[in-house]
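Okay, structure first, notes after.
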Amino acid sequence: MSREQCCPKFNPDLWDNKTNIWENKLFMKGVVRQLFHMPLNMGPVLSKMFKKMESAGASVPPEEILMLAYDPSPWKCEMYVNVTKEVPEFEAVRISGTFISKVFDGPYNSVPKWIKEMDVFLAGKGKQAKKYYFYYTTCPKCAKEYGHNYVVAFAEV
């Protein structure tokens, strides 16, 4: 990582077309306010989450960070960051299930298109998504520096 980059370089091979089985995988949950799915306070929320995670000694190594986003409405985004133990002031969430992941590269506003592509991809495997999470692998600044804006779709099947 150069001084210009705050996010680790992402390896799409780790997540593309993979089946992930999680049993009580521990995450801390933060909530971001949105206006029609556009985040209004993501930076401050994530900054607070990472500071609290570090001070609690709950951080995973940078290359193992998994930050999932789920939008239950156009006004709210739930952010889930994997941790090694519970973090004070944040809800601990354990996620279990089978998730098929696929990597996309493009602007964030392509999510609706990617969901349609994932639905077709899953149908080809005889599966259907119950719920989608998205892992935005880098911040916009680092995506520009790296020349890729990788986003991983996780479909719970």
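The values are calculated or read from the model by the stated rules, or taken from the named source; none is laboratory data. Since we're looking at a predicted model, the values are computed, not measured. Note: ideal-geometry Cβ built from the backbone for every residue, glycine included; neighbour counts use all protein chains shown. Note: areas computed on protein heavy atoms with side chains; ligands, DNA, RNA excluded. Shrake-Rupley method; radii C 1.70, N 1.55, O 1.52, S 1.80 Å.
Identify all residues within segment 114-157 that are within 20 Å of G97 (Cα to Cα) and in contact with an Asp or Glu (Cβ under 7 Å, 6 or more places away or on another chain); write none if there are none.
If the condition is that a residue be within 20 Å of G97 (Cα to Cα) and in contact with an Asp or Glu (Cβ under 7 Å, 6 or more places away or on another chain), then A129, K130, K131 are the ones that fit.
Which pairs have Cβ atoms under 7 Å, sit 6 or more apart or on different chains, and link a residue in segment 1-27 that is over 19 Å from K141 (Cβ atoms) and open to solvent by less than 30 Å² (accessible area, probe 1.4 Å) to one that is modelled with pLDDT of 95 or more and not in a strand (DSSP E or B)?
Correct list of pairs: L26/V83; F27/V83.
Is it the case, given these coordinates, that S110 is of a type in the set (S, T, N, Q), assigned to a helix (DSSP H, G or I) and either surrounded by fewer than 19 Cβ atoms within 10 Å (Cβ to Cβ) or over 13 Å from the mean Cα position of the chain (by Cα) (or both)?
Against the criterion (of a type in the set (S, T, N, Q), assigned to a helix (DSSP H, G or I) and either surrounded by fewer than 19 Cβ atoms within 10 Å (Cβ to Cβ) or over 13 Å from the mean Cα position of the chain (by Cα) (or both)), S110 qualifies.
If V83 meets every condition in (1) open to solvent by 70 Å² or more (accessible area, probe 1.4 Å); (2) over 20 Å from K18 (Cα atoms); (3) β-branched (V, I, T) apart from one, which number is that one?
(1)
Count, please, the residues in segment 113-149 that happen to be open to solvent by 80 Å² or more (accessible area, probe 1.4 Å), over 16 Å from L68 (Cα atoms) and in a loop (DSSP other than H, G, I, E, B).
3
When E78 is evaluated against the numbered criteria (1) touching an Asp or Glu at 6+ places or on another chain (Cβ under 9 Å); (2) open to solvent by 30 Å² or more (accessible area, probe 1.4 Å); (3) of a type in the set (D, E), which criterion, by number, is the only one it fails?
So E78 meets the others, but not (2).
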